[in-house]
């Protein structure tokens, strides 16, 4: 219903006023929504940039970890290399001294290996374990239980409970 003047004609000013108020309100809401949209776009852009930077940082850290993963192991091997070089530099020495030097160097190397989780598998006298041993042959072996490892051709190695190489073995035959 429209407001009317005393003469009975509709009042144009009365209609314009409510429309102006609602137009101002709508314009204010549009401005507020546009400002909110602009802020959300900026926030999204900032979040994307932050995620991209984090991804790049993680890629750099992984690359560095791969590059230097063996650093500790290799630094522990340096004294072994030094021992081998010192043994090779000796000119006039006996075979007994060379053997003694090789045994010391082997002990150094085995200590470094065990400190880094490498364990030797030398199963002579133990029951054959197909998870850790590879049978090369079977023989009749007096004094050995059937299925026991009689001889080791090549020792096996386990790294942190994961088999690197099975021991190559000869197994006593079952009767």
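Take residue 125 and decide whether it is within 25 Å of the chain's Cα centre (by Cα) and at positive phi.
no
Any residue that is over 30 Å from residue 173 (Cα atoms) and in contact (Cβ under 8 Å) with a residue 24 or more places away in the chain - is there at least one of those in segment 81-95?
Scanning segment 81-95 turns up at least one residue that is over 30 Å from residue 173 (Cα atoms) and in contact (Cβ under 8 Å) with a residue 24 or more places away in the chain.
Looking only at segment 36-82, how many residues end up being more than 30 Å from residue 111 (Cβ to Cβ) and in contact with a helix residue (DSSP H, G or I) (Cβ under 9 Å, 6 or more places away or on another chain)?
Number satisfying all stated conditions: 0.
Does at least one position in segment 129-150 carry a residue that is at pLDDT below 95, under 27 Å from residue 72 (Cα atoms) and surrounded by fewer than 17 Cβ atoms within 10 Å (Cβ to Cβ)?
No.
Quick check, is residue 102 in contact with a strand residue (DSSP E or B) (Cβ under 7 Å, 6 or more places away or on another chain), loosely packed, with under 15 Cβ neighbours inside 10 Å and not in a loop (DSSP other than H, G, I, E, B)?
Judged against the criteria, residue 102 is not a match.
The values are calculated or read from the model by the stated rules, or taken from the named source; none is laboratory data. Just so it is clear, the structure is predicted and the values come from calculations on it, not from any experiment. Note that each Cβ is placed from the backbone with ideal geometry, even for glycine, and that neighbours are counted across all protein chains shown.
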